[in-house]
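Beneath this line is the structure, given in structure tokens, with notes to follow.
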Amino acid sequence: MLAYRHAFHAGNHGDVLKHLVLMQVLQHMNQKDKGWRYVDTHAGAGGYALDGSYARQKSEYVDGVGRLWNRDDLPPALADYVGLVRSLNGDTRALKQYPGSPLIAQALMRPQDQLRLFELHPTDHRILASTFEGDPSVEVRMVDGFDALKSQLPPPTRRSLVMIDPSYEGDRDYARVVTTLRDALVRFAEGTYLVWYPQVGKLGARELPRKLQTLSPKGWLHARLTLSTTDERGYGMVGSGVFVINPPFTLHAALREWLPYLAQALSQIDEPQWLLDHKAV
Ligand SMILES: C[S@@+](CC[C@H](N)C(=O)[O-])C[C@H]1O[C@@H](n2cnc3c(N)ncnc32)[C@H](O)[C@@H]1O
């Protein structure tokens with residue numbers, strides 16, 4: 001039984017960090033003509049109405065993309081990201097729609113590129129499938145994304161980005177991220193893999209970056225933003241992180257340009273913290 005619906009969280013600070021890094025990796029991959037395959041193991045609905053009943057319940061986007069929406073001092077990468085969201089909103093000043101990772105990848109894909117989108121929730125799968133219906137470059141399947149990744153590796157052109165963005169509803173997803181990546185790297189060691197994780201008190205979340213480092217002998221990048229504090233009972237997501245296995249060599253320098261700005265812009269506390277660490281080979 002899947003309780004998680006990304007519509008409640010669309011455009012929040014976690015999405016901003018994840019989608020910015022997604023854009024930067026795909027923009028880098030677009031510097032070569034050879035086609036790539038983007039695999040989204042947990043694709044969600046593809047796009048979200050911010051004025052819909054789900055998103056309005058918590059309005060998490062207000063402290064996410066909403067904080068960047070009207071800024072006129074954005075670093076170039078952030079201006080690109082806001083520009084992409086704005087184009088989905090008909091280039092108006094009103095922020096009503098937010099793209100999920102599939103629509104962001106679609107915005108950056110070229111005729112030679114392909115999308116493989118996996119989503120297990122029947123409702124979100126239906127929305128996703130109808131969004132991409134009739135596009136021969138895109139395959140949408142209602143399957144377990146952790147399991148289905150096997151069928152995609154290695155990709156025919158030997159160029160791919162895999163996004164692993166589970167809901168972490170139970171503790172099991174943390175372990176499945178690690179086992180799935182261990183297997184994926186045996187099948188295709190050269191691929192780029194992007195994992196998002198929430199910064200919460202759970203052991204699985206705290207240990208995930210270290211476990212992913214041990215899987216990544218050919219290089220990795222880890223970026224994390226801490227933007228709020230836990231509630232009075234010690235619960236809550238205080239920030240989030242992205243871990244990239246085999247990152248583009250330009251990614252670390254790119255993030256150094258805008259991560260401190262993003263931390264300040266999105267922070268709900270006086271002293272936000274950001275971390276940027278990497279191993280290059
Ligand atoms: C965090 S959301 C994905 C958001 C999306 N990647 C984005 O950035 O727009 C996680 C999604 O994974 C789906 N899901 C949960 N378990 C899954 C599984 N084992 N395989 C595929 N999808 C799953 C959930 O229904 C949910 O839509």
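None of the figures in this text is laboratory data; all of them are computed from the coordinates on show. Model, not experiment: these values are computed from the prediction. Cβ: placed from backbone, ideal geometry, glycine included. Neighbour counts: every protein chain shown.
I'd like to compare 203-215, 234-246: which one has the highest average count of other Cβ atoms within 10 Å, and what's the full order after that?
Details: 203-215: 15.4, 234-246: 20.2.
In descending order of packing, they fall as 234-246, 203-215.
Projecting each Cα onto the charge dipole of the chain (Lys/Arg +1, Asp/Glu -1 at the beta carbon, about the Cα centre), which of Leu88, Val138, His125 comes out farthest on the positive side?
Of Leu88, Val138, His125, it is Val138.
May I ask you to derive the relative contact order of the chain, considering only C-alpha pairs under 8 Å and at least 6 residues apart, and to give it as an integer percent? Provide the component values of the computation, followed by the final result.
Numbers: 504 pairs, mean separation 57.9, N = 281.
Dividing the mean separation by the residue count of the chain yields 21 percent.
Treating only the Cβ of Lys, Arg, Asp and Glu as charged (+1, +1, -1, -1), what charge dipole size does segment 160-207 show about its Cα centre? Round to the nearest 20 debye. Walk me through the numbers before you get to the answer.
Details: 6 positive and 7 negative charges, 21 e Å.
About 100 debye.
Express as a percent, rounded to the nearest 5, the fraction of DSSP beta bridges in the chain (both residues included) that run antiparallel. All intermediate terms of the calculation are to be shown ahead of the outcome.
Values: 24 of 40 bridges.
Close to 60 percent.
Taking a quarter of the surface of the convex hull around the Cα atoms of segment 1-73, what do you get in nm²?
On the way: hull surface 26.8 nm².
Over every viewing direction, the Cα hull of segment 1-73 projects on average to 6.7 nm².
Kyte-Doolittle cut-off 0.0, length cut-off 15 Å along the helix's own axis using Cα: show which whole DSSP H helices in the chain pass. Present the calculation step by step, with values, prior to reporting the outcome.
Numbers: long enough: 13-29 (24 Å, 0.42); 76-88 (18 Å, 0.87); 172-187 (23 Å, -0.24); 203-215 (18 Å, -0.43); 251-266 (21 Å, 0.48).
Those that clear 15 Å and a mean of 0.0 are 13-29, 76-88, 251-266.
Return the FRET efficiency for the residue pair Ser130, Glu190: r is the Cβ-Cβ distance, R0 is 41 Å, and the value is rounded to the nearest 0.05. Can you show the working numbers first?
Values: r = 34 Å, r/R0 = 0.83.
So the FRET efficiency works out to roughly 0.75.
Using a cut-off of 11 Å between beta-carbons, work out the net charge of the residues near Asp144 (Lys and Arg +1, Asp and Glu -1, Asp144 not included).
Values: positive: Arg141, Lys150, Arg176; negative: Glu119, Asp147.
Taking every Cβ under 11 Å from that of Asp144, the sum is +1.
Please tell me which of these pairs span more than 30 angstrom C-alpha to C-alpha: Lys32/Lys279; Lys34/Lys96; Lys34/Lys202? Don't skip to the answer; put the middle values down first.
On the way: Lys32/Lys279 24 Å; Lys34/Lys96 35 Å; Lys34/Lys202 41 Å.
Over 30 Å Cα-Cα: Lys34/Lys96; Lys34/Lys202.
Under the definition of Cα pairs under 8 Å and six or more residues apart, what whole-number percent is the relative contact order of segment 217-279? Walk me through the numbers before you get to the answer.
Numbers: 95 pairs, mean separation 31.0, N = 63.
Computed over segment 217-279, the figure is 49 percent.
For the charge dipole of segment 152-269, defined by +1 on Lys and Arg C-beta atoms and -1 on Asp and Glu C-beta atoms about the Cα centroid, which residue among Thr229, Tyr261, Phe243 has the Cα displaced farthest towards the positive pole?
Comparing the listed Cα positions along the dipole, Phe243 ranks first.
If I model a spin label at Asp270 and Glu207 as a point 7 Å from the Cα along the Cα→Cβ vector, what separation in nanometres do I get?
Label at Asp270, label at Glu207, 3.6 nm between them.
Between beta-carbons, use under 13 Å as the cut-off and find the net charge around Val281, counting Lys and Arg +1, Asp and Glu -1.
Working: positive: Lys218, Lys279; negative: Glu190.
Summing Lys/Arg as +1 and Asp/Glu as -1 gives +1.
For each of Arg126, Arg116, count neighbouring Cβ atoms within 10 Å of the residue's Cβ, then give the residues from fewest to most. Working shown, then result.
Working: Arg126 14, Arg116 24.
Going from sparsest to densest Cβ surroundings: Arg126, Arg116.
Would you work out the charge dipole size for segment 142-184 about its Cα centre, treating the Cβ of every Lys and Arg as +1 and the Cβ of every Asp and Glu as -1, and quote it to the nearest 20 debye?
Values: 6 positive and 7 negative charges, 72 e Å.
In total the dipole reaches around 340 debye.
How would you rank Arg182, Arg233, going from fewest to most other Cβ atoms within 10 Å of each one's own Cβ?
Details: Arg182 13, Arg233 6.
Taking fewest neighbouring Cβ atoms as first place, the list is Arg233, Arg182.
Taking square-rooted eigenvalues a ≥ b ≥ c of the alpha carbon gyration tensor, is the chain rounded, prolate or oblate, where a/c under 1.5 means rounded and, failing that, a/b exceeding b/c means prolate? Can you show the working numbers first?
On the way: a/c = 1.24, a/b = 1.11, b/c = 1.11.
It comes out rounded by the Cα gyration axes.
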